[in-house]
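A short reminder: the numbers here are calculations on the coordinates, not readings from a lab. Model, not experiment: these values are computed from the prediction. Cβ sites come from the backbone with ideal geometry, for glycine too, and all protein chains shown count toward neighbours.
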Amino acid sequence: MLKRQIKDNLYERVLSHRVLMKRQFVVGVIGGSLGIATAIYVIFSAGSSGMTLSGVQAALFSSLGLMGAAIANSETRFAGWMLLSSAVWITLSVPLAGTLNLLYLYTPAIIVLGIAAVLCFMEPEAEEENLQEEQY
């Protein structure tokens with residue numbers, strides 16, 4: 001009986017704090033993690049210093065995407081700009097290696113970070129939600 005009561009209470013608390021796992025957060029974390037994993041792969045399999053530099057920069061910009069995902073619940077628009085700039089800068093760091101073949105490796109991370117940014121921009125601002133509630 002006590003276990004069931006604790007389980008129900010925990011379930012209610014999770015439902016009341018649903019904000020913790022918004023879609024933007026989940027998709028942004030997936031994109032940032034993909035970017036970091038790809039960057040680590042590129043760093044360790046690099047054949048030149050340009051490829052290593054490209055991998056390091058992609059890892060840094062992927063961490064920017066992870067930071068954007070972390071604040072997606074409170075600062076939605078700013079997080080969207082962070083995620084979008086992360087995707088753009090990862091794309092721009094690829095030509096430093098002297099080959100565009102790396103773009104194929106980074107493409108999943110770039111697309112997922114872009115989707116997370118679009119999800120952030122589609123989310124209404126908190127002030128807009130409050131205004132709509134006050135009108136009705």
Going residue by residue through the range 32-48, the Karplus relation 6.51 cos²θ - 1.76 cosθ + 1.60 with θ = phi - 60° gives ³J(HN,Hα) values, rounded to whole Hz and with x marking Gly or Pro, of x, 5, 4, x, 5, 4, 5, 5, 5, 4, 5, 4, 7, 10, 5, x, 9
Here the range 67-83 yields Karplus 3J(HN,Hα) values (6.51, -1.76, 1.60; θ = phi - 60°; whole Hz; Gly and Pro given as x) of 5, x, 5, 5, 9, 5, 7, 9, 10, 5, 5, 4, 4, x, 5, 5, 5
Note: Thr107 to Ser74 extended length (0.36 nm per residue) minus current alpha-carbon separation gives 9.1 nm
So, with points 7 Å from each Cα along the Cβ direction, the Trp81-Ser49 label distance in nm works out to 3.6
For the range 36-130 the mean separation of alpha carbon contacts under 8 Å (6+ apart) over residue count, i.e. relative contact order in percent, is 29
